[in-house]
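Reviewing the structure listed below.
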Amino acid sequence: VQKTQQENAQKLLHQQDSILQQLSKENTGIKRHESGIYYQVLKEGKGKCASEQQRIRFNYEGRLLDGNIFDSSFGGNGIQTLPKNVLPGLCIGLCTMNAGSRCIFYIPSYMAFGKAGDPSLHIPGNSIVVYEVELYEIYND
């Protein structure tokens, strides 16, 4: 049973990477990060990139590949947190951004909500999620 579960997990990871590779072929602006997330820079910012330990202020919209939005903070003043306090794939993405930048991140399930998904947000298990993020500030405190 455990071997079958591991094989299914490997198959799923391969399928998700194939989906993301195809997406990047269809849109030359989408690149693969060494971590396995894919990203597209919509607007370049200035200065140094954030680190996991720096407090930042940003807004985001989270959606599934089919376009269904499951969460958004746009319309507010931005969320203040440390990148290490968010999903692993989003943390990696935030740490590639500098103040003033806007990016889209395509995050495989194993770096997002995993096998369980998040029923409260209507995210099915093993879902690739997409985050559009605008980073406003990186604090040096």
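The values are calculated or read from the model by the stated rules, or taken from the named source; none is laboratory data. Note that the structure is predicted; figures quoted are calculated from it, not measured. Cβ placement follows ideal geometry from the backbone for every residue including glycine, while neighbour counts extend to all protein chains displayed. Ligands, DNA and RNA are excluded from the accessible area calculation, which covers all protein heavy atoms including side chains. Shrake-Rupley method; radii C 1.70, N 1.55, O 1.52, S 1.80 Å.
Between the labelled values (i) 46; (ii) 12; (iii) 21, the entry that holds percent of Cα pairs over 27 Å apart as derived from this structure is (iii). With 0.36 nm allotted per residue and the present C-alpha distance subtracted, the SER18-GLN53 stretch has 9.4 nm of extension available. Once the Cα-Cα distance is subtracted from the 0.36 nm per residue extended length, the LYS46 to LEU121 segment shows a gain of 23.7 nm. The accessible surface of region 28-77, taken with every protein chain in place and a 1.4 Å probe, is 45 percent carbon and sulfur. Here is the list for region 14-80: GluC sites (Glu not before Pro) lying in DSSP coil, each with at most 11 other C-beta atoms within 10 angstrom of its C-beta, are GLU34, GLU44. Shape of region 57-114 from its Cα gyration tensor (a ≥ b ≥ c, root eigenvalues): rounded if a/c is under 1.5, otherwise prolate when a/b > b/c, or oblate? Cα axes put region 57-114 in the oblate bin. Surface listing: VAL133, VAL41 arranged by accessible area from highest to lowest gives VAL41, VAL133, probe 1.4 Å.
Net charge in the neighbourhood of LEU64 (other residues with Cβ under 12 Å of its Cβ; Lys, Arg +1, Asp, Glu -1) is -3. Taking the Cα atoms only, what angle lies between the long axis of helix 2-26 and the longest principal axis of the chain, rounded to 10 degrees? With rounding to tens, the tilt is 50 degrees. Here the dipole of the chain is about 240 debye; that uses its Cα centre as origin and unit charges on the Cβ of Lys and Arg (positive) and Asp and Glu (negative). Sparsely packed loop sites in region 50-141 (the trypsin sites (Lys or Arg not before Pro) outside DSSP H, G, I, E and B with at most 15 other Cβ atoms within 10 Å) comprise ARG55, LYS115. Exposure check, 1.4 Å probe, all protein chains in place: SER72 carries approximately 60 Å² of accessible surface.
The chymotrypsin sites (Phe, Trp or Tyr not before Pro) of region 45-93 that meet both conditions, a loop assignment by DSSP and at most 14 other Cβ atoms within 10 Å of the site Cβ, are PHE74.
Rolling a 1.4 Å probe over the heavy atoms of the protein chains gives region 28-125 an accessible area of 52 Å² per residue. Rounded to the nearest 0.05, the FRET efficiency derived from the C-beta distance between THR81 and ARG32 at R0 = 41 Å is 0.95.
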